[in-house]
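Taking it in order: structure first as structure tokens, then the write-up.
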Amino acid sequence: MTTARTPGHGPLSGVRVVELAGIGPGPFAAMLLADLGADVVRVDRPGGPGLGIDPACDVTNRNKRSVVVDLKAAGGPEQVLDLVARADILVEGYRPGVAERLGVGPEACRARNPRLVYGRMTGWGQDGPLAQRAGHDIAYIAPTGILGMIGRPDEPPSVPANLLGDYAGGSLYLVVGVLAALHHARATGTGQVVDAAIVDGTAHLSAMIHGMLAAGGWQDRRGANLLDGGCPYYGTYETADGRYMAVGALEPQFYAEFLTVLGIEGRAAARKDIARWDELREEVAARFKSRTRDEWTAVFDGTDACVAPVLSLREAPHHPHLAARGTFTDHGGITQPAPAPRF
């Protein structure tokens, strides 16, 4: 594992961002902008955020400066508008209408800075029947059809932490939106309001699946498809020590190598024969149960069988490839993912 200094420059060097502090996808989006070199000033409310994590351990605060402003006090909104006057991007994650009531909505900010990109991060979006409803990641991804895709067919849907909704469907789409709007603002002199809703972004992530569904290549139920655990050569298997290996041997050449290394070459014809998938899964499962995770990792090392060990959060930084790339870093006494992507 490597130790990296906080980057002092990056492709967004010179871009100024005002973050109205919140929880979840807004702070992560602002962290990503900061990781890429933007100068991010986080506007904290008195008393801190609603969740009780120690700020010293909150990795999403990295590479940011902060100031405490009471937006409900006299002069509070003006302090934020002074920051906005010199900023390129503002990020907020309030319910629709709250920023306007506090005096720091898009119109008030635009009056101070017509070039400002105003990024709005919500679960339901700025309009629609549920726009004012409270929620968290799991409630946002449930109506999109995505949560129902994840897990075994005979069990309740599995919960993918808050990675799929908050961060993939939320933060990353907000960042794409504000950077596109920043490009437009620099070309035209006019800023835009970016309405980034977790429901929209999460639904958008399923574009390929909807195409497969329309083409008859995807069944509208979990655990029955090529990429959702229904396929015996795309999934996870328990090893002798109660750990797991992940298999993704989709293409014919990778599947063939997978069978060879696993020692079941006679199962080549089962790849396309769905009627034989259950017996193939049972044989693969039995083979993996015969050795430990680390033993299988060594067996598959150097092959193109598309097999990898399933590691825990504490194990991941020590994986040889991730360690060589410095995918994780130690900073401020905390092991954490290094900024990505790289330039």
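The values are calculated or read from the model by the stated rules, or taken from the named source; none is laboratory data. This one's a predicted model, so the numbers in the text were calculated from it and none came from an experiment. Neighbour counts run over all protein chains shown; Cβ positions are idealised from the backbone, glycine included. The protein model used for the area step is the full one, side chains on, heavy atoms only, and it has no ligands, DNA or RNA in it. Shrake-Rupley method; radii C 1.70, N 1.55, O 1.52, S 1.80 Å.
Table for the structure above
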| quantity | calculated |
| --- | --- |
| Residue in segment 39-60 that is touching a helix residue (DSSP H, G or I) at 6+ places or on another chain (Cβ under 6 Å), crowded, with 19+ Cβ neighbours inside 10 Å and not aliphatic (A, V, I, L, M) present | yes |
| Test: Gly93 is open to solvent by 30 Å² or more (accessible area, probe 1.4 Å), of a type in the set (Gly, Ala, Ser), within 18 Å of the chain's Cα centre (by Cα) and assigned by the TED database to the domain that holds Val194 | yes |
| Residue among Ala275, Ala270 that alone is in contact with an Asp or Glu (Cβ under 9 Å, 6 or more places away or on another chain) and either crowded, with 16+ Cβ neighbours inside 10 Å or farther than 20 Å from Ser158 by Cβ (or both) | Ala270 |
| Filter result for His210 (surrounded by fewer than 21 Cβ atoms within 10 Å (Cβ to Cβ), free of Cβ contacts under 8 Å to residues at least 40 places away in the same chain and under 17 Å from Ile141 (Cα atoms)) | yes |
| Any chance Ala168 is farther than 30 Å from Trp218 by Cα, assigned to a helix (DSSP H, G or I), touching a residue at least 24 places away in the same chain (Cβ under 8 Å) and open to solvent by 20 Å² or more (accessible area, probe 1.4 Å) | no |
| Condition check for Leu102: at pLDDT 95 or above, touching a Phe, Trp or Tyr at 6+ places or on another chain (Cβ under 9 Å), aliphatic (A, V, I, L, M) and open to solvent by 10 Å² or more (accessible area, probe 1.4 Å) | yes |
| Segment 67-79 residues that are assigned to a loop (DSSP other than H, G, I, E, B), paired with ones that are loosely packed, with under 13 Cβ neighbours inside 10 Å (beta carbon under 7 Å, 6 or more apart) | Asp70/Pro46 |
| Verdict on Arg287 being of a type in the set (Lys, Arg), closer than 30 Å to Leu36 by Cα and at pLDDT 95 or above | no |
| Of all residues making up segment 247-290, the number that are outside any helix (DSSP H, G or I) and more than 33 Å from the chain's Cα centre (by Cα) | 4 |
| Matching option when the condition is on the phi > 0 side of the Ramachandran plot and either out of contact with any strand residue (DSSP E or B) (no Cβ under 7 Å at 6 or more places or on another chain) or not assigned by the TED database to the domain that holds Ile23 (or both), among Gly151, Gly165, Gly169, Gly201 | Gly151 |
| Residue within segment 274-296 that is in contact with a helix residue (DSSP H, G or I) (Cβ under 7 Å, 6 or more places away or on another chain), in contact (Cβ under 8 Å) with a residue 60 or more places away in the chain and under 23 Å from Ser312 (Cα atoms) present | no |
| Test: residue in segment 36-48 that is in contact (Cβ under 8 Å) with a residue 40 or more places away in the chain, within 30 Å of Arg342 (Cα to Cα) and not aliphatic (A, V, I, L, M) | no |
| Output for segment 105-124, where each listed residue is part of a loop (DSSP other than H, G, I, E, B) and either surrounded by 17 or more Cβ atoms within 10 Å (Cβ to Cβ) or touching a helix residue (DSSP H, G or I) at 6+ places or on another chain (Cβ under 6 Å) (or both) | Gly105, Asn113, Arg115, Leu116, Gly123, Trp124 |
| Checklist (1) touching an Asp or Glu at 6+ places or on another chain (Cβ under 7 Å); (2) farther than 21 Å from Asn225 by Cβ; (3) open to solvent by 30 Å² or more (accessible area, probe 1.4 Å) applied to Met149, failing item | (2) |
